[in-house]
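Heads up, the thing below is written out as structure tokens.
A short reminder: the numbers here are calculations on the coordinates, not readings from a lab. In this text the structure is predicted, and so the values were computed from the model without any measurement. Every residue, glycine as well, gets a Cβ built from its backbone with ideal geometry; the counts of neighbours run over all protein chains shown.
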Amino acid sequence: MTTLAGPLDTMPVVDVESELPPQLLWLADKIDTVLGEGEHAVAVARWAARTAARMGLDGQAQLRTAAAARLHDIGKICIDGSLLAKPGRLTASEWEEMRRHPDEGARLIVELADRPDLAPLVAAHHERYDGAGYPRGLTGADIPIEARIISVCDAWATMRVDRPYARALGVTQAREELKSGRGTQFDPAAVDAFLDLVDEGAIDEPALLPGHGARQQANCGRWQRRAARQAEEDR
């Protein structure tokens, strides 16, 4: 198994994409297009692979981490697009709707691909180390290590771009946010490994996270049918 992490290379994403079904990659890219997020999923997958390697995970675990990171947000295709773009606070009912997306993503992975190993990792990427996350309130080592890594990488990507509800943070501010969440929101070891990579320049930030453009409201069933058709065309 090839080691996936290497400074400023894209091999982790290339290796991962060769192993993932085209319909799931299409869905992941469509989500980023709909949300105006550039190549958010590609960046998170690359960073997750490097962080996993830095933490000493073996080659299979690195691949699994990167693959789940590449698909971590596909469940958002099943969420009302107006909620994803809402600039203010979500209501309680809207928040309940938003919290469905990890489980929806896991469901899509099971239904559209033979990768059940990735489903629990996608389902857990919004769990918190202290148990205050969702959808199941898992704590510490009960959260798969791959999901703990994805959580850190996803948070960095989120903080570094403009969002409907917040302006982008600079590197120093984003670093402080990760450090402040160390041991509460995030696995301390994952934070330390990720920030080491930031210091080394291995967390590259080219213009692939441009912030939000126009949003569209998505219908889950419609997108699933289109993904299946696209996969057939790609064969």
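Summary of computed values
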item: For residue 163, distant residues with modelled amide H under 5 Å away; result: 168
item: Gyration tensor verdict on segment 94-135 (Cα atoms; rounded if a/c is under 1.5, prolate if a/b is larger than b/c, oblate otherwise); result: oblate
item: Total formal charge among the other residues, if their Cβ is under 15 angstrom from that of residue 141, Lys/Arg +1 and Asp/Glu -1; result: -2
item: Segment residue 139-residue 80, extension gain: residue separation times 0.36 nm, minus the distance between their alpha carbons; result: 18.4 nm
item: FRET efficiency estimate (nearest 0.05) - Cβ-Cβ, residue 199 to residue 93, R0 45 angstrom; result: 0.60
item: Most positive-pole-ward Cα, 121, 91, 106, against dipole of segment 84-124 from beta carbon charges; result: 91
